[in-house]
Amino acid sequence: MKFSYNGLVRKVDDYLRKKRSTSRLWSALLPEKLFTPALWLWEPRSVATGSAWGVAWALAPVPLQTIFAVLSSVWTRGNIPMAVLTCWISFPGYQVFIWPLQWWVGAWFLSALGISSGVDMELIRSAAQAAPQGFSAVLAVFGQVNLPVLCLELLLGCLVTSAALGSTVYALIRMLWRK
């Protein structure tokens, strides 16, 4: 028995179409567009697009990242399996490492415009030292911070890092997968 990716895609597509026609709940939850064969093909552009969306959503601080990666892939005709797989590169707890980096990137961009929340590394160090004393001690350290600007810094950093990593993954896959 010989394995063929296209054969597997065809079998999955046939199964899902049969399932969709027999189940009203299935039809209501999943749009027909999701089963377009082009979204499951193993070709450079669609794999690169799906991978880029998956990695970009993996960095986003939102719940249900996989659903957003699939919807983005459907929208731009990217490979759905690659979007799901690359979205799952984020492991639980990675936020402890990535959110400070994303905040720093956003703060760097906004500081170029002269906007600052008042958070710096010394303030973060003080908050970390106050953490054993309780949540109220940490809140007291951050009492002098402009919270809306801090949120804007994090949001901008998330957008920039997600777009940068997604674009990098897209470019690398397209560059490495030349025929």
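No value in this document is a laboratory result; all are computed from the given coordinates. No experiment lies behind these values; they were computed from the predicted model shown. For neighbour counting, all protein chains shown are included, and Cβ atoms are generated from backbone atoms with ideal geometry for every residue, glycine included.
Going by how many other beta carbons lie within 10 Å of each one, how would you line up CYS158, CYS151, fewest first?
Values: CYS158 21, CYS151 13.
Sorted ascending by nearby Cβ count, the order is CYS151, CYS158.
Which of TRP53, TRP88 has the fewest other C-beta atoms within 10 Å, and how do the rest follow up to the most?
Ranking TRP53, TRP88 by Cβ neighbours within 10 Å, fewest first, gives TRP88, TRP53.
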